[in-house]
Each structure stands twice: as structure tokens, then as C-alpha cells.
Amino acid sequence: MIKVTYIESDGTSRDVNVEEGVNLMDAALDNMVPGIDGDCGGVCACATCHVHVEASWIDKLKPMDETEDAMLELTDDRNESSRLGCQIIATPELDGLIVYTPEGQH
Amino acid sequence: MTTETVVIVGGGQAGAQSAVSLRQEGFTGRIVLIGDEPVLPYQRPPLSKTYLAGELAKERLFIKPAAFYDKVNIEHMLGQAVNAIDSSRQQISLKGGQNLSYDHLILATGGRVRPLSCPGASHSGVHYLRTLADVEAMQGKFTAGARLVVIGGGYVGLETAAVAVKHGLKVTLLVARPTPLGRVTSPEVGKFFEDVHREAGVTLCCNTEVKAIEDDVDNGRALAVVTDSGYRVLADMVVVGIGLLPNVELAAAAGIACDDGIVVDEYGRTSIDNIYAAGDCANHPNPIYQRRMRLESVQNAVDQSKAVAATICGKDKPYAQVPWFWSDQYDLKLQTAGINSGYDQAVVRGDIASRSFAVFYLRKGRLLAVDAINRPAEFVVARNILSKGLSVSAERLQDESIPAKALPDEHTEEPVKKEGLSQQQVA
């Protein structure tokens, strides 16, 4: 299990144990983490699973592809830490990962 | 703390979203979600894509885990059909005889597959693809070497053909129109998908209607699909995807206005007080296109349900979104933003042969829609142009030296909402 911490815009923090291979959108839905919708079911089509990744973790993630990069343009508060949760797959190297769920998304 | 009860009829994407959004908007009363399928709400798009391909576990289909409903106190009654609405008593009756009172009633009744009507259509080898049970009924037959005839060249037919041919089935796709996707896209994009499927090994016949389904008398359980040109295509299995019929009968019987769907306003309100509709079943006004439409999509189900939930909670959040759709076939992701009907100009950006291009549709120089094939940036910029009412010229759209993000014309951010993209008449 890989520990991922989701922090809401009001500071509420939730630790979730994620099975290897599961993406952060599915993990959030399974564990009722608010702020992640995942309307398209995780096929990188809707940009409703936007997260901001804690700065120290950004370089440890697989780089985003063209689709994710484009879809993030649909989010209101994109910055250099923005990723789509459905595109971050839990691996042992990500144990301890911290992500922030944006205020506007619920 | 309210003691009101919201009853939601329909356990699909719109039903689930309505329930979830009611809680998100702060509704504290009772929520009862009634679904006629025996399972919790699930996503339908993967049924003809990754789930059919066996690449997605069943538990991943569910919109929310079972524990979610308990946690936020959403009651669900599954495998239950609603018999009638008595709007004067604010009550519904279930087929099983039980009555339920409501303060607000949301009709998220969705649609059912349009049935094939030719002789032999009820043959046990003829399948449809709308529900989890439909897919499960196909499993076991969906094996390499089997002969599959797909009837219908819409999203469901094309996606099914793509999955099947990848699995080694021998696939024949029969399309009634001159090109696939004829109802929703342009001949250019339809022709592209026709070529893609042919290259992948699908035998594809356009302008072809099915006249009958017969037993193949020489060959046990096999079928023969007879076309209007007299061909007999042998099949071990037939999948029909010829469209959806909105489930309006319950509403119509209760005296609610229906016209290609349950007629609602921008808040999802029907013609009868305290009754709302959302999703595939709802015919609603779209302020961007300034006309009524009924959409069959996840986006529509989600966004319209949010508007209904907000309205019930006394908030003013009318439904006013750019429609969008997607389809996955082979290595291709088709993303559509907007509705192209009534276009007078199609502008191709990129090289169709490269399998990465976008077709923008304009009417009198104003963008109506885009079909983006492996071009997410063009999809995104079109959604932004349409939702913000920006303008963009055909010349810029086809100029690939301008990055997609920079496509909207500069200094033209005056909203066009008032004028909208109104069309006198739409096919």
C-alpha cells in the first residue's frame, strides 16, 4: 500500500492507503475524498480530478503527456504543480505523496 | 435542517449526480434514489470501450462506492421500477405496490435502446449495448474468431467494432447512412473513421439497411443478417447500436409536457411544480446555441443534474454549458466540443492522414463546434472559445503556425452570448 495525503482547500487532511497501480482519482473516489469528481471515469477527458502536487514530489511523478497538459487548461487555477489525479498511478516510489485538492472543484 | 424528501427516479449518471450534488449543495433532508437496474449507478461509456475489452474491472465502473451512499445518507432502492406519479398528492407508486411521498421529484429516467424492427430482430443472438447486463449477456460469445455483425455506425457501433476486431473477431459493420457517425459529425470525419475501421480489418458497408435476421439453416446456432441489397452476412452474434429513445412515458402519463424528451427550463424544472428532469431524458434550452436540445452524454447528465440540485437548494445556477463528448477507438481519441448542426464551413486543421487533426465547424464565420482527433489542445481551446463567446477566424483555425492555445482572435473578447449561435432551424 502506498500512503497518499489529500489536503482540501480548508486544510482538512486525509491519508489514504492506495493499492499499487491505482490512480489518485479512483483512490480518492473509493475513499470519499471530496474535491475530486472524475466525471469521465479517468480517461483524461474532463479535467475534474485536478490536484496540486506538493512541490517536493513534482519531479518524482511521470511527466505529463500532451493530453493531460491540454486538459489542464480547462481548470481555473492551474499552476506548475497542477496534475490530473487520473494520470498519477500509485507506485512504491510515491509512498508519502501529498496532493492538494482545489477549492473550485467539487 | 430540512425535513423535505427528494425522490430521484433513475439510477444512472444523472440520478447519481443529482443525489451527490444535493448533498454538496447542503441539502439535509431525505434523498431516495430509485433505479430499475439491480446495481448501484455506474458509468456507461466504458461498456463499449475498456469494459467490453476486459481491460476494466467491474468495480471500477461504479460512480461511487457502496459505502459512499451510507456515509452521506442517500437511500437507494435498486431493481425497482416506478409505476406512476401522482403530482397532486406529490407521491409516486412503485411497481411493487409501495407509495413514496416527495417534496421534490427528479426524473433521471435516461433512455432505452432503439430496437431493431425487422423480422427476426428478437433472435437470441441479437444483442444491444446499454447496460451492464447487456455486456454480461455477450461475454462468452465475444471470442477470437467469432463472426460479429454490428448494426449501426454511431459511437456505440464503432467502439464495439474497434474492441471486437482488436480481440480477433471477424467484424462486419453495417451503416445506414453514407458515412459512419453521420448523425453527429461531418462527412469528412465520418469518412476518416470509415477508413480507420477498414484498415483495422473491419468489413464496413455504408448505405446499408438491415431487412431481416434469419437463422442460418445450414449452421446450427448461427445467424444471417439480410441487407436491403440482398446480401446475407453470416454471424455468430449481432450487436445493434441504432440510437436511444428517451424514457418519457412516466412523465407523459403524469401530464408533464414532453417533446423529444421531458421538456425542462434552464433549471431543470418540468411543466409541473416540484418535478425536475435531467440527463438523457431531458429536453432543455441551451443559451449558447439559443435553442432546445436533448443530449445523450455524461457531461449533460452531470452538469444538468448539478443545476437541478442547486435549484432545489434555492440557488441560482442555471444549466448553460458547452456540450462535449468523447469516443475512444483504437489509438484514437475523438473529442467533440459543441454541436455542429447548421454549419456552413468545415475547417480542417492538421493532416487527416496523420491521424491527428481537428475539424472546426463554423456558421457565418462563428465557431459552432470542433471534432478533435488526437488533438486535445484544439478541443480545449474550442470549449473555451464557445463558453466565453470569443471569436476566431477560419484563417487562424487552419494556420498551424499559431499554437492552439493562441487561436482566439486578439481584442475580440466581446461576449456574443446575447446573439448566441442561434439557428433558425436545426436538422
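The values are calculated or read from the model by the stated rules, or taken from the named source; none is laboratory data. This one's a predicted model, so the numbers in the text were calculated from it and none came from an experiment. Neighbour counts are summed over all protein chains in view; Cβ atoms, including those assigned to glycine, are modelled from backbone coordinates with ideal geometry. Note: areas computed on protein heavy atoms with side chains; ligands, DNA, RNA excluded. Shrake-Rupley method; radii C 1.70, N 1.55, O 1.52, S 1.80 Å.
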(message) Taking the alpha-carbon distance from B:LYS95 and a cut-off under 15 Å, which aspartates and glutamates remain once sequence neighbours fewer than 8 residues away in the same chain are dropped?
(response) B:ASP36, B:GLU37, B:ASP86, B:GLU249
(request) Between B:ARG232 and B:GLU400, with labels modelled 7 Å along Cα→Cβ, what's the label distance in nm to one decimal, could you check? (result) 4.9 nm
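What average number of partner chain Cβ atoms lie no more than 10 Å from the Cβ of the residues making up A:68-76? Don't skip to the end; give the middle numbers.
Working: counts 1, 3, 11, 5, 2, 9, 8, 0, 0.
Taking all residues of A:68-76 together, the mean is 4.
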(request) Could you rank the peptides A:22-33, B:52-63, B:289-300, B:93-104 by their average count of other C-beta atoms within 10 Å per residue, with the highest value first? (result) A:22-33, B:289-300, B:52-63, B:93-104
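Can you give the net charge of the other residues whose Cβ lies under 11 Å from the Cβ of B:SER327, counting K and R as +1 and D and E as -1? Don't jump to the answer; show the numbers that get you there.
Details: positive: B:LYS49, B:LYS333; negative: B:GLU159, B:ASP328, B:ASP371.
Net charge in that neighbourhood comes out at -1.
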(request) Give the residues of segment A:1-40 whose amide nitrogen is closer than 16 Å to a point set 7 Å from the Cα of A:SER56 in the direction of its Cβ. (result) A:3-7
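Would you kindly state how much longer the chain becomes between B:GLN139 and B:ARG183 on full extension, computed as 0.36 nm times their sequence separation minus their alpha carbon distance, in nm to one decimal? Before the final figure, lay out each step's value.
Values: separation 44, 0.36 × 44 = 15.84 nm, distance 2.91 nm.
So the extension gain works out to 12.9 nm.
Counting only protein heavy atoms, what percent of the accessible surface of segment B:331-406 is carbon or sulfur at a 1.4 Å probe? Spell out each step's value before the answer.
Values: 1370 of 2750 Å².
Result for segment B:331-406: 50 percent of the exposed heavy-atom area is carbon or sulfur.
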(request) Would you compute, from DSSP H runs of 4+ residues alone, the mean residue ellipticity of the protein assembly as shown at 222 nm, taking -39500 (n - 2.57) per run and dividing by the full residue count, rounded to the nearest 500? (result) -5500 deg cm²/dmol
(request) Return the percentage of antiparallel bridges among DSSP beta bridges fully within segment B:126-242, rounded to the nearest 5 %. (result) 40 percent
(message) Under a crude label model (7 Å from the Cα following the beta-carbon direction), how far is B:SER391 from B:ARG292 in nanometres?
(response) 3.2 nm
(request) Quick one: what are the phi-derived ³J(HN,Hα) couplings along segment B:390-400, Karplus 6.51/-1.76/1.60 with θ = phi - 60°, whole Hz, x for glycine and proline? (result) 7, 10, 7, 8, 4, 4, 5, 4, 8, 8, 6
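Run the numbers for B:GLN345 and B:SER117: contour at 0.36 nm per residue of separation, minus the present Cα-Cα distance, in nm.
Numbers: separation 228, 0.36 × 228 = 82.08 nm, distance 3.61 nm.
Difference between extended and current length: 78.5 nm.
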(request) Just give the residues from segment B:286-310 buried by at least 30 square angstrom of accessible area in the all-chains context relative to the isolated chain, probe 1.4 Å, and say none if nothing qualifies. (result) B:LYS306
(request) Kindly tabulate the residues in segment B:363-393 with an accessible-area decrease of at least 50 Å² between the chain alone and the assembly of all protein chains, using a probe of 1.4 Å. (result) B:PRO376, B:VAL380
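Starting from the Cα gyration tensor of the protein assembly as shown, take the square roots of the eigenvalues, sort them a ≥ b ≥ c, and report rounded, prolate or oblate (rounded when a/c is under 1.5, otherwise prolate if a/b is larger than b/c, else oblate).
On the way: a/c = 1.29, a/b = 1.10, b/c = 1.17.
Verdict is rounded for the protein assembly as shown.
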(message) What whole-number distance in Å separates the alpha-carbon centres of segment B:49-107 and segment B:296-330?
(response) 18 Å
(message) Placing one identical point scatterer on every Cα of segment A:2-100 and ignoring solvent, what is log10 I(q)/I(0) from the Debye formula at q = 0.18 Å⁻¹?
(response) -0.75
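Using only protein heavy atoms and a 1.4 angstrom probe, determine the accessible area buried between A and B, summed over both sides, in Å² to the nearest 100. It would help to have the intermediate numbers written out before the result.
Values: alone 5750 and 18700 Å², together 22450 Å².
Chains A and B together bury approximately 2000 Å².
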(message) Give me, ordered by chain and number, the residues 5 or more places off B:LEU234 or on other chains with an amide H under 5 Å from its own placed amide H.
(response) B:VAL225
(message) Leaving out ligands and nucleic acids, and using a 1.4 Å probe, what accessible area per residue does the protein assembly as shown come to in Å²?
(response) 42 Å²
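Taking N as the number of residues in segment B:126-242, what is its Cα Rg relative to 2.2 N^0.38 Å?
Numbers: Rg = 13.5 Å, N = 117, 2.2 N^0.38 = 13.4 Å.
After normalising by residue count via 2.2 N^0.38 Å, the value is 1.00.
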(request) Be a star and scan segment B:299-321 for residues whose amide nitrogen sits under 12 Å from the point 7 Å along the Cα-to-Cβ vector of B:THR2. (result) B:308-316
(message) Can you list the residues in segment A:17-44 whose accessible area drops by at least 20 Å² when all protein chains are present, compared with the chain alone? Use a 1.4 Å probe, heavy atoms only.
(response) A:ASP26, A:LEU29, A:ASP30, A:MET32, A:ASP37, A:ASP39, A:CYS40, A:GLY41, A:VAL43
(message) How large a share of the accessible area of segment B:126-242, in percent, is made up of carbon and sulfur atoms when the probe is 1.4 Å and the other protein chains stay in place?
(response) 50 percent
(request) Along Cα→Cβ, 7 Å out, is where each label goes; now give me the distance between the ones at B:LYS364 and B:VAL39 in nm to one decimal. (result) 4.8 nm
(message) Just to be sure I understand: with springs between alpha-carbon atoms less than 10 Å apart, which residue in B:SER18, B:SER341, B:SER48 has the highest mean-square fluctuation in the Gaussian network model of chain B?
(response) B:SER341
